Structures are given as C-alpha cells and as structure tokens.
Amino acid sequence: MMMEQMSKKEIKKEFLKDVGQILWQERRRRRLSIKRVEKKTGVPCWIIDSLERGNCADIFKLFRLCGYYGKKIRVSLEE
C-alpha cells in the first residue's frame with residue numbers, strides 16, 4: 001500500500017496553523033488582548049497576530065509566547 005507523501009511546505013504550513021490556533025485559544029482562554037501580550041513578552045502585536053494565524057515562522061518568538069503562557073510544545077508524527 002503506497003502512502004501519500006506530503007511536501008515539506010505542506011507539513012510546515014500545517015504545523016504553523018496548528019500551533020497558531022493553540023496560541024490563539026490560550027490567549028482567548030486567559031482573556032488577554034494582543035496588546036497586553038505584546039507588553040508582557042516584547043513580541044510585537046503584528047507578529048503575535050501572524051503567529052496565531054499560522055503565517056509566521058519566527059520560532060524564537062513562538063518559544064517566547066509559549067514561555068509566557070507556561071506551555072511546552074510536544075511533537076508527534078501522525079498519518
């Protein structure tokens with residue numbers, strides 16, 4: 001049985017979209033504005049917005065937001 005292969009671009013896009021959605025959900029769960037998160041983390045609001053939409057690949061800003069929320073990133077391989 002031949003498995004469907006995904007391109008690196010598709011994998012990256014899906015990863016960023018998933019992480020962005022989780023970051024957005026966490027911010028909303030805590031009832032924080034983007035401006036407040038910007039003030040506390042030093043990450044510009046346009047980058048926070050871009051990360052939450054899955055359009056920004058700045059991994060270091062992503063790590064900073066995860067640290068601010070006190071969260072870890074877990075990775076698993078799925079089909």
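The values are calculated or read from the model by the stated rules, or taken from the named source; none is laboratory data. Predicted model, so just to flag it, every value in this text is computed and none were measured. Positions of Cβ are generated from backbone atoms using ideal geometry, with glycine treated the same way; all protein chains shown enter the neighbour counts. These accessible areas exclude ligands, DNA and RNA; they are computed on the full protein's heavy atoms, side chains included. Shrake-Rupley method; radii C 1.70, N 1.55, O 1.52, S 1.80 Å.
Averaged per residue, what accessible surface does the chain expose to a 1.4 Å probe, in Å²?
In whole numbers, the chain has 86 Å² accessible per residue.
Counting alpha carbon pairs within less than 8 Å and at least 6 residues apart, what relative contact order, in whole percent, applies to the chain?
With pairs under 8 Å counted, the relative contact order is 32 percent.
Could you work out the helix-only [θ] at 222 nm for the chain, with each DSSP H run of four or more residues adding -39,500 (n - 2.57) and the total divided by the number of residues, to the nearest 500 deg cm²/dmol?
Value at 222 nm, helices only: -20000 deg cm²/dmol.
Place the peptides 47-53, 59-65, 10-16 in order of packing, highest mean first, counting for every residue the other Cβ atoms within 10 Å and averaging per peptide.
Ranked from most to least packed, the peptides come out as 47-53, 59-65, 10-16.
Tally up the carbon and sulfur contribution to the accessible surface of the chain as a whole percent, 1.4 Å probe, everything protein left in place.
54
Using the Cα centre as the reference, give the magnitude of the dipole from point charges on the C-beta atoms of the chain (Lys, Arg: +1; Asp, Glu: -1; all else neutral), rounded to the nearest 20 debye.
Roughly 680 debye for the chain.
Along the charge dipole of the chain, pointing to its positive end and built from +1/-1 on Cβ of Lys, Arg, Asp and Glu, which listed residue (Ser7, Val43, Trp24) has its Cα farthest out?
Farthest along the dipole direction, towards plus: Val43.
Given the Cα-Cα distance of Cys45 and Gln5 and 0.36 nm per residue of separation, how much length would full extension add, in nm?
Contour length minus Cα-Cα distance gives 10.9 nm.
Using a Cα-Cα cut-off of under 30 Å, which lysines could be cross-linked to Lys8, ignoring same-chain neighbours fewer than 8 residues away?
Cross-link targets: Lys17, Lys61, Lys71, Lys72.
Mind listing the Cα extents of the chain along all three principal axes, in Å, largest one first?
Between the extreme Cα coordinates on each principal axis of the chain lie 51, 20, 19 Å.
Using 0.36 nm per residue of separation minus the Cα-Cα distance, give me the extension gain between Lys35 and Val75 in nm, one decimal.
The Lys35-Val75 span can extend by a further 11.5 nm.
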